[in-house]
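As structure tokens, the structure follows; a few thoughts come after it.
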Amino acid sequence: MEKAYLILENGRVFEGGRIGAAGDGTGELVFTTGMTGYLETLTDPSYAGQIILQTFPLIGNYGVISPDFEGTSCARGYVVRELCDAPSNFRSEYELDRFLREQGIPGVCGVDTRTVTRLIREEGVMNARISASPEAALADIRAYRVSGAVAEAGGKTVRTYPAEGAEKRHVVLIDYGAKRNIVRSLCRRGCRVTAVPHDTAAEDILALGPDGVMLSNGPGDPQDNVYEIAQIKKLVGRVPLFGICLGHQLTALAMGGQTVKLKYGHRGANQPVRRADGSRTYITSQNHGYAVVSESMAGVAQVSYYNANDLSCEGLDYPGLRCFTVQFHPEASAGPRDTEFLFDRFIAEMGGADHA
């Protein structure tokens, strides 16, 4: 196996074997803790501009299953301890290494991922490069910045998805890099979904006559999306709104709040989220490096959920505006379906019956 190297911006170099596409890859190095779901991770557009490190030591053991894809892969690189080259699953179509090559994603295996994860936890998220050579200009690696991520990962065209069964509601989904299961979750509840590009004007969205507007997940620093934030500000209070992940952050910024970059983010299928009243804890799937500053929303919104590990904001309700948002992913199967009820709440906000 050809040698490859993971070079961190702090100067640490980890030797391993080449997997995936040839060539170098530079990006923001982040880790995700899911024991399964590597396909959903690799096809989540929210990883645009990032090198993904899997903390679970064996990846690829159930191969590649295209119906499980969440979108178009935007990752800059992939790091694993061990890559399975002989997957065993009745749904498997081919091995993961082939997927990485076809998607143009360079990777490295045989790396001590536990040590790298501990470095990120101690020092914070940092840039890195996957390269065939251990020599690299650290200044170039340090200078990298995730930029234009929503423009890269977000929807480019208008698409329509029919409701399953009788159509009850029409939802416009603003696609900042949406995961496909958001659309499926709405369609299963009798919604026809019109997905529009991330930079669609608020006036054009309202002209479609939606019963509600869904703000999707997406990549990058939420504060970079000045135009998108301005459109959300025009939509709040005009139509029921439900925001997930980046949609949650953009709504907070539209309403005068603040966001902050977390030390190493929340990425994985095992993030505990607590109701604000302390009545219940949910196991959630998450993928984000920024959080809303709870204190900045005082007098504007009510914190509905918080992270049980670091107490960061995980949800906001906007009283009287028919608007609510969450940082985690209710469309994902983390608990496995602990928080799907949020889609039912959205249906109720639009005046529809709860999903049975």
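The values are calculated or read from the model by the stated rules, or taken from the named source; none is laboratory data. Nothing here was measured: the structure is a model prediction, and the numbers come from that model. Cβ placement follows ideal geometry from the backbone for every residue including glycine, while neighbour counts extend to all protein chains displayed.
Taking the conditions exactly as written (surrounded by 14 or more Cβ atoms within 10 Å (Cβ to Cβ) and either of a type in the set (A, V, I, L, M) or without any contact (Cβ under 8 Å) to a residue 60 or more places away in the chain (or both)), does A166 satisfy them or not? It is false that A166 is surrounded by 14 or more Cβ atoms within 10 Å (Cβ to Cβ) and either of a type in the set (A, V, I, L, M) or without any contact (Cβ under 8 Å) to a residue 60 or more places away in the chain (or both).
For every residue, the table says whether it meets (1) farther than 16 Å from N225 by Cα; (2) surrounded by fewer than 18 Cβ atoms within 10 Å (Cβ to Cβ); (3) outside the structural domain of E70 (by TED's automatic domain parsing); (4) at pLDDT 95 or above.
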{"position": "G177", "(1), (2), (3), (4)": "no, no, yes, yes"}
{"position": "L186", "(1), (2), (3), (4)": "yes, no, yes, yes"}
{"position": "C191", "(1), (2), (3), (4)": "yes, no, yes, yes"}
{"position": "T200", "(1), (2), (3), (4)": "no, no, yes, yes"}
{"position": "E203", "(1), (2), (3), (4)": "yes, yes, yes, yes"}
{"position": "L208", "(1), (2), (3), (4)": "yes, yes, yes, yes"}
{"position": "V213", "(1), (2), (3), (4)": "yes, no, yes, yes"}
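Screening segment 57-70 for residues that are in a loop (DSSP other than H, G, I, E, B) and on the phi < 0 side of the Ramachandran plot and picking the one that is surrounded by the most Cβ atoms within 10 Å (Cβ to Cβ) gives E70.
Those helices (runs of 4 or more DSSP H) of segment 100-203 in which at least 3 residues are on the phi < 0 side of the Ramachandran plot and in contact with a strand residue (DSSP E or B) (Cβ under 8 Å, 6 or more places away or on another chain), considering only elements entirely within it, cover 113-123, 138-143, 180-187.
Taken over segment 81-99, the criterion of being part of a loop (DSSP other than H, G, I, E, B) and either among the hydrophobic types (A, V, I, L, M, F, W, C) or within 20 Å of K3 (Cβ to Cβ) (or both) is satisfied by R81, C84, D85, A86, F90. Exactly one residue out of G278, G268 is out of contact with any Gly (no Cβ under 8 Å at 6 or more places or on another chain), of a type in the set (G, A, S), modelled with pLDDT under 95 and over 18 Å from S185 (Cα atoms), and it is G278.
Applying the selection to segment 308-340, what residues are over 16 Å from L246 (Cα atoms) and out of contact with any helix residue (DSSP H, G or I) (no Cβ under 9 Å at 6 or more places or on another chain)?
Residues of segment 308-340 that are over 16 Å from L246 (Cα atoms), as a first pass: 308-311, 318-322, 333-340.
Residues satisfying the conditions are A308, N309, D310, P319, G320, L321, A334, G335, P336, R337, D338, T339.
Residue check: is H266 touching a helix residue (DSSP H, G or I) at 6+ places or on another chain (Cβ under 9 Å) and under 16 Å from G34 (Cα atoms)?
Values: touching a helix residue (DSSP H, G or I) at 6+ places or on another chain (Cβ under 9 Å): no; under 16 Å from G34 (Cα atoms): yes.
Spelling it out, it is not the case that H266 is touching a helix residue (DSSP H, G or I) at 6+ places or on another chain (Cβ under 9 Å) and under 16 Å from G34 (Cα atoms).
Using the structure shown, decide if C109 is over 30 Å from V226 (Cα atoms), surrounded by 13 or more Cβ atoms within 10 Å (Cβ to Cβ) and of a type outside the set (D, E, K, R). Criteria met by C109. Each residue in segment 9-26 was checked for being within 18 Å of Y144 (Cα to Cα), more than 27 Å from the chain's Cα centre (by Cα) and assigned to a strand (DSSP E or B), and 1 pass. If you go through segment 43-79 and keep only what is in contact with a Leu (Cβ under 8 Å, 6 or more places away or on another chain) and among the hydrophobic types (A, V, I, L, M, F, W, C), you end up with I51, I52, L53, I59, V64, I65, F69, A75, V79.
Only one residue in A301, A254, A269 is assigned by TED's automatic domain parsing to the domain that holds K179 and free of Cβ contacts under 8 Å to residues at least 40 places away in the same chain. Which one?
Testing whether each residue is assigned by TED's automatic domain parsing to the domain that holds K179 and free of Cβ contacts under 8 Å to residues at least 40 places away in the same chain leaves just A254.
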